1. Given the pairs Lys93/Lys198; Lys56/Lys102; Lys93/Lys204; Lys101/Lys208; Lys2/Lys204, which are separated by over 25 angstrom at their Cα positions?
2. Calculate for the chain the 222 nm mean residue ellipticity that helices alone would give, adding -39,500 (n - 2.57) per DSSP H run of length 4 or more and normalising by residue count, nearest 500 deg cm²/dmol.
3. How much of the accessible area of the stretch 2-47, in percent, comes from carbon and sulfur atoms when a 1.4 Å probe is used?
4. Which whole-angstrom value gives the distance between the alpha carbon centres of the stretch 225-257 and the stretch 48-83?
5. So what's the angle, to the nearest 10 degrees on a 0 to 90 scale, between helix 27-47 and the longest Cα principal axis of the chain?
6. R0 = 41 Å: FRET efficiency of Lys208 with Leu37, Cβ-based, nearest 0.05?
7. Taking R0 as 41 Å, what's the FRET efficiency between Asp226 and Gln180 from their Cβ-Cβ distance, rounded to 0.05?
8. Roughly speaking, what is the stretch gain from Glu116 to Lys251, that is 0.36 nm per residue apart minus the C-alpha to C-alpha distance, in nm to one decimal?
Amino acid sequence: MKHNLLIFFCITAAALSSIIFWETDYLWLVLAGIALLFIGVTAYGSAQIQVNYFVKSINKGGRVKAIALTFDDGPDPDSTPRILDTLLENDLKATFFVIGKKAVNHPELLRRIVDEGHTIANHSYSHHYLIALFSTQKLRTDIQRCNEAIRDITGRVPVFFRPPFGVTNPRYVTVLKDLQMQSIGWSLRSMDTRAKNKYQLIQKIISKLKPKDIVLLHDHLSLTADTLPDIIGHCRQMGIKIEPLPRLIGKEPYENH
Ligand SMILES: [Zn+2]
């Protein structure tokens, strides 16, 4: 884990500084600097899933020269069916990182996702805004509860997991290892949660899109459902193929398959 390297580096630096600056007025300043570096790097590593600081996530595709569409935070009774309609019309498959507590309220949407050949994945049960502070036991229960909800509705136990807000810590490492799950990040964040209109969202995606990208979108947003046909159209024009995530990364999405 990269964090262990940082701990080693900071302790060594603090020890050496203590020797070198022992009799000077600068010692506290140097130690404060090392402490700030530690806090800064740890915070950055927690928040940036792509740097694989705590958890080793898959953040982009392998050999297949295509992109994969992934949708978080659903299912949503209004937007998810519209997204599924667009995918069906275009004969495309996507991956849905569902929130367990929403899934149990809309089992018919989960069944439709699976029936139409898309992949279901785990995005935690609660999606609690403080989930990054959960104890190992509480985190395990939350992620497992989402798996159980998905299994009860669809008969499949997901292997792919995406940490809420893309924030990770050492407790995720333990829990994902215990549950034999694979963390999935992204290489292109569409920023659809912040986009004000279709044009902004399309621009954000097509200006950065490249083969092997795992694109992060949200299926609970009306704007995303409205814009998806244009996003797909632009990919076609750019000659970029859209493939299912399991094919892009070469991994099985469910247990016992
Ligand atoms: Zn989320």
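The values are calculated or read from the model by the stated rules, or taken from the named source; none is laboratory data. Keep in mind that this is a model prediction, so the values were computed, not measured. Counting neighbours? That spans all protein chains shown, and the Cβs are built from the backbone with ideal geometry, glycine included. Surface accessibility is based on the protein's heavy atoms, side chains included, excluding ligands, DNA and RNA. Shrake-Rupley method; radii C 1.70, N 1.55, O 1.52, S 1.80 Å.
1. On the way: Lys93/Lys198 22 Å; Lys56/Lys102 27 Å; Lys93/Lys204 22 Å; Lys101/Lys208 33 Å; Lys2/Lys204 31 Å.
In this structure, Lys56/Lys102; Lys101/Lys208; Lys2/Lys204 exceed 25 Å between Cα atoms.
2. Numbers: 10 runs with 122 residues, N = 257.
The helix contribution divided over the chain gives -15000 deg cm²/dmol.
3. Numbers: 2690 of 3390 Å².
C and S atoms contribute 80 percent here.
4. 10 Å
5. Computed tilt is about 10 degrees.
6. On the way: r = 30 Å, r/R0 = 0.73.
Computed FRET efficiency for Lys208 and Leu37: 0.85.
7. 0.60
8. Values: separation 135, 0.36 × 135 = 48.60 nm, distance 1.94 nm.
Contour length minus Cα-Cα distance gives 46.7 nm.
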